[in-house]
Structure formats: C-alpha cells, structure tokens
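First up is the structure itself, then whatever we jot down about it.
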Amino acid sequence: MFSKDIKKDFGLDKCAKATFKRGKLVKSTNIRLDTNTAIKDLDQERFYKYLGVTERDGIEHSTMKEQIRKDYYRRVRLVLNSELNAANIITAINTLAVPLVSYSFSIIHCTLTELKKLDRKTRKFLAMNKMHHPKADVDRIYLPRKEGGRGLIQIENSYKLSTVGMNVYINEKDDKHVKLVLQHEMAKKKYSIVREADKF
C-alpha cells in the first residue's frame, strides 16, 4: 500500500493485529483496508517484536534471556577473533557486547546468578584467547586501566548501578508521571526496581 502523504510504501506484509481480552491473546478477524489489502490477525503461536523484545501476551522472558545470552557470547567471540590489541579488545567488548545485556536490565528479568554466569563465561573466553590467566585476580580485570586493571565492564556491577540509579531517580523526581511509576513499582510483588535496589 502506497501512502501519497509520506510518499512511501507501508510494509503491510509485516503487520499483524493482536487482540487482548483480560490480558490474554484472543483470535479475531482480519482488518480489511480495501478489497486487496488486509492486516492479518496475530496467530496464537506467533509473537511480535517491539524494540527488539519478543512479546506475545507479555514479554517472553526465557526466550529473550536465551537470545540475549547467545548474541552476547557471539559478539564477545567475534571481538576476540579480531586482530585488535588488548586495550582495543576490551573497549570493543565494552562497546559492542555489554550494551546488549545492559539495555535489557529493566525489561527482561535476570537474576544476579545469571549475570555472574555471563561475567564468568566472558573471563573464560578471555582466558581461552590468552588475554587473562585463569588463576589471575578476578577484580583486576574490572579495574580501570589507569589503576592497573583491564577496564572491562562487569555486567553484575552494571546491573546493580543501573537498578540503584533508576530507584534514586523515581524516588527523587518531582513529576506526577514519575510518581505513578513509583506507585506501580511499589505495588509489584515481583521484579520491582524499588525492592531490587534495596538489596544493594
């Protein structure tokens, strides 16, 4: 379908309509735009993506965790197989791989154990590529280069900092919309930013 207003084609083959009743995805009819064009109904077993996050009648947390984990490891291996020097490899991991995980912190629910596992596997990849000795001090790899470390961003620590930072922001911001977010977070029984930040 071509729009004369914006002079572009709409990719209606990629569009789908999802109908929810009481939080559950229900089957409904397609939307007819004209005799030749219709927007299909989203099938029960299919999903859609919003800002890169797989959703159906909610976020598919286990699927997304697995996808993020695999993509993170793929990016780390890709950087380690490049011909960069040690300092640039760490910078590349911090710029290409770590943001993939940190973007998902407040969207996908991860435990500290899962994040520690990501850090451990990253160190293992570094050891396999002779960038870190297996018996070397773990904390040194996360110290900034100015202090004698390698400067790698620790995912677990990054999660704690972002959670505490978000908690401080929603508690101290004097805006009616942010206050609604605070009330919503306080009402949550599970995965609340406020409760999570109190642990740290």
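No lab work stands behind these numbers, since they all come straight from the coordinates. It should be emphasised that the depicted structure is a prediction, and the values quoted were computed from it without experimental measurement. Glycine also receives a Cβ, built like all others from the backbone with ideal geometry; neighbour counts cover every protein chain displayed.
Structure summary
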quantity: Eligible lysines near residue 27 by straight Cα distance, threshold 23 Å, same-chain separation 8 or greater; calculated: 14, 17, 40, 49
quantity: Virtual paramagnetic centre 7 Å along Cα→Cβ of residue 87, amide N under 18 Å, in region 137-173; calculated: 141-153
quantity: In order through region 72-86: 3J(HN,Hα) via Karplus (6.51 cos²θ - 1.76 cosθ + 1.60), integer Hz, x for Gly, Pro; calculated: 4, 4, 4, 5, 4, 4, 4, 5, 5, 7, 7, 9, 7, 7, 4
quantity: Farthest toward positive dipole pole in region 61-154 [+1 Lys/Arg, -1 Asp/Glu at C-beta], among 134, 153, 80; calculated: 134
quantity: Partner lysines for residue 117 [C-alpha distance under 18 Å; skip if fewer than 8 residues away on the same chain]; calculated: 65, 70, 135, 160
quantity: Förster radius 25 Å - calculated FRET efficiency between residue 117 and residue 199 (Cβ-Cβ, nearest 0.05); calculated: 0.85
quantity: Where trypsin sites (Lys or Arg not before Pro) fall in DSSP loop in region 78-165, at most 10 other Cβ within 10 Å; calculated: 130, 135
